């Protein structure tokens, strides 16, 4: 079946045929399908939306990532969530674009960006961590906490000191900082945790700290 025929099938009244067309376009891997698949992310049938998302991930590349990023601004939660799932899988090809979102005027966009970057960073190196470190000092506690969690996923020992510097923040930020340092691991993280004064932590963060120390004892 030609690309044009598959594009036409995406508009078929039968949801099963729309889903099959999206799957076929993913198999074809042609970037010309990207705008057509983006439209399918708002399809009324969840199976079609999921097939379109999988197809965009299969096509991948910077072109896909750049095309999906604007969907993060959507008012529709389901569409934003799909966009984030796609970007976690494809965003390594458009890291600079995602890093730029860390300085967005919107706190929601900054949080989405660090969430995505943190998940990408589990498996792929992110050399420029400065935008995420800036979010660690964000006045919005949700953004700052998300940045701490992201740095824990990325697990670069160079971020331990900046993480420690934010321990005077709110309770949830403290929790994420302690957990992030533990997940970074290694001797530097172990030393950092031992040097934290637990009595200076908020109650919930102290609980996180105690759990981290117990886990260290069994390593």
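No lab work stands behind these numbers, since they all come straight from the coordinates. The shown structure was predicted, so the numbers you read here are calculated from the model rather than taken from an experiment. Positions of Cβ are generated from backbone atoms using ideal geometry, with glycine treated the same way; all protein chains shown enter the neighbour counts.
So here's what we get for this one:
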| item | result |
| --- | --- |
| Condition broken by residue 166, with the remaining ones in (1) touching a residue at least 12 places away in the same chain (Cβ under 8 Å); (2) assigned to a helix (DSSP H, G or I); (3) more than 24 Å from residue 81 (Cα to Cα) satisfied | (2) |
| The listed residue being surrounded by 19 or more Cβ atoms within 10 Å (Cβ to Cβ) and farther than 21 Å from residue 118 by Cα, out of 95, 72, 25, 56 | 25 |
| Any chance residue 65 is without any contact (Cβ under 8 Å) to a residue 40 or more places away in the chain, within 29 Å of residue 11 (Cβ to Cβ) and over 19 Å from the mean Cα position of the chain (by Cα) | no |
